[in-house]
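What follows is a short report on a single structure.
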Ligand SMILES: CC(C)(COP(=O)(O)OP(=O)(O)OC[C@H]1O[C@@H](n2cnc3c(N)ncnc32)[C@H](O)[C@@H]1OP(=O)(O)O)[C@@H](O)C(=O)NCCC(=O)NCCS
């Protein structure tokens with residue numbers, strides 16, 4: 001099974017161009033920024049990042065965003081691995097609820113989140129013309 005790695009600051013700095021490349025190819029959020037407070041979980045093929053996902057934990061509120069799997073690596077369950085790694089990391093730090101929001105048209109992400117134990121909750125939002133469903137897992 002592929003290993004999911006929590007990137008150190010040094011690894012983030014060394015791979016920042018690749019992270020932006022994946023983001024720009026697949027991301028929809030033009031206001032997105034990589035910040036030092038984010039925990040970035042990634043899967044490598046050799047020394048190239050092929051998938052990543054972000055966990056933010058400001059003041060105990062914990063949410064996941066921006067899971068991206070590069071096209072040739074899709075269909076291998078990488079998104080679920082990255083979801084599970086983030087949830088486990090949060091749990092080990094005393095977090096008991098993780099929240100995320102997903103474009104309702106993104107059936108792949110919705111399926112993967114539900115398969116990992118997330119459930120739909122109230123509070124979806126319109127963003128850039130897309131309806132985002134809110135999902136949570138209680139740990
Ligand atoms: C959503 C995403 C992370 C899923 O990644 P994944 O790890 O490949 O998901 P899975 O392994 O569960 O793939 C499930 C199936 O859907 C297919 N699939 C996944 N994403 C697809 C996409 N965007 N277009 C077409 N097919 C896709 C896979 O090939 C696979 O098919 P199979 O079961 O016949 O092999 C990935 O599609 C992606 O990076 N999309 C762009 C960014 C994005 O939408 N991120 C989510 C933000 S919340």
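General observations
- Residue that is surrounded by the fewest Cβ atoms within 10 Å (Cβ to Cβ), among those in the stretch 1-10 that are over 17 Å from the mean Cα position of the chain (by Cα) and in contact (Cβ under 8 Å) with a residue 24 or more places away in the chain: 1
- Subset tally (residues that are buried (at least 17 other Cβ atoms within 10 Å of the Cβ) and away from the ligand (no atom under 12 Å from the Cβ)) for the stretch 120-133: 0
- Matching residues, the stretch 60-72, being exposed (fewer than 14 other Cβ atoms within 10 Å of the Cβ) and modelled with pLDDT of 95 or more: 71, 72
- Residue in the stretch 96-119 that is at positive phi, free of Cβ contacts under 8 Å to residues at least 60 places away in the same chain and surrounded by 15 or more Cβ atoms within 10 Å (Cβ to Cβ) present: yes
The values are calculated or read from the model by the stated rules, or taken from the named source; none is laboratory data. Please read these numbers as outputs of a predicted model, since none were measured by experiment. Ideal geometry is used to build each Cβ from the backbone, glycine not excepted, and the neighbour counts take in all protein chains shown.
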